[in-house]
Amino acid sequence: MRRDELRQYLDELLDTAHWRDYCPNGLQVEGRSEVRRVLCGVTASQALADAAAAGGYDALLVHHGYFWRGEDGCITGIRRRRLGTLLGHDISLFAYHLPLDGHPLLGNNAQLALLMGWRGEGRFGDQNIGWVGVPQENGLKAHDIAARLAAKLGREPFLVGDPHRAVSRIAWCSGGAQGLFEQAIAAGAELYVSGEISEQTPHLARESGVPFIAAGHHATERYGVQALAQHLREKWGLEAEFLDLPNPV
């Protein structure tokens, strides 16, 4: 498949023009013109770039790429090494941030719901990035959902607030979306699940009566890129493989 054909297809599939983001989405680093083998991961770290180079991949496809707003734009140190690995091996980098969080089928939030058995019924938050709906069964309490997240994600989540709160309506947004907690409460959530937690989060959980679960930024954002890899295999016959590089956050 031609690199620019893949870029156009992914940009349209994930509707990149729709999203206001703080990084560029799409083709971030231009490599060879033909793409047959794609290595997928959560973040375009040096380790992932090295694996792509060692494995002879034509492209990387990730959720967290490069060139974030407010970063130092100088190509030195870590940035030079990362870009040098990709350019030196003619490897393209495709990165989709909010578009891969928000896609209704392939996105991180959609895939987290599928994994957990949650049924989405609405959206909330800036650009409607968060999801709200019902858990996998009736009668669950906050600590039950935390235990199921631990079993599914392979990572012990951090629960603040009342662990015995009954949950018939749940909200979730993967990654670093703890700032949407108040909006989740306003949307009727009895429990909010995100990836990370901030200092003020426990206070809001205690004072609102709505528990909060931090299930891991990396842990909650592994599934969108895997779904996208599967889609590319089925749609275009590309050799798209996912490499999970553990991250404690």
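Here are the numbers:
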item: Strands (runs of 3 or more DSSP E) wholly inside region 87-156 that include at least 3 residues being surrounded by fewer than 16 Cβ atoms within 10 Å (Cβ to Cβ); result: 119-124
item: Condition check for residue 210: in a strand (DSSP E or B) and touching a strand residue (DSSP E or B) at 6+ places or on another chain (Cβ under 8 Å); result: no
item: Unique match (being basic (Lys, Arg), surrounded by 14 or more Cβ atoms within 10 Å (Cβ to Cβ) and over 30 Å from residue 127 (Cβ atoms)) among 32, 36; result: 36
item: Given (1) touching a Lys or Arg at 6+ places or on another chain (Cβ under 8 Å); (2) part of a loop (DSSP other than H, G, I, E, B), index of the condition residue 67 fails; result: (1)
item: Hits in region 58-73 - residues which are more than 25 Å from residue 174 (Cβ to Cβ) and modelled with pLDDT of 95 or more; result: 58
item: Sole residue being free of Cβ contacts under 8 Å to residues at least 40 places away in the same chain, assigned to a loop (DSSP other than H, G, I, E, B) and not charged (D, E, K, R), chosen from 74, 23; result: 74
item: Number of the exception - residue 171 against (1) within 27 Å of residue 22 (Cα to Cα); (2) assigned to a helix (DSSP H, G or I); result: (2)
item: Only listed residue being in a strand (DSSP E or B) and not assigned by TED's automatic domain parsing to the domain that holds residue 134, chosen from 241, 234; result: 241
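Yes/no matrix, rows are residues, columns are (1) surrounded by 15 or more Cβ atoms within 10 Å (Cβ to Cβ); (2) on the phi > 0 side of the Ramachandran plot; (3) out of contact with any His (no Cβ under 9 Å at 6 or more places or on another chain):
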site	(1), (2), (3)
3	yes, no, yes
10	yes, no, yes
18	no, no, yes
26	yes, yes, yes
42	yes, no, no
50	no, no, yes
56	no, yes, no
59	yes, no, yes
64	yes, no, no
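The values are calculated or read from the model by the stated rules, or taken from the named source; none is laboratory data. What you see is a predicted model; the values in this text were computed from it and never measured. Methodologically, a virtual Cβ is constructed for each residue, glycine included, from the backbone with ideal geometry; neighbour enumeration extends over all protein chains shown.
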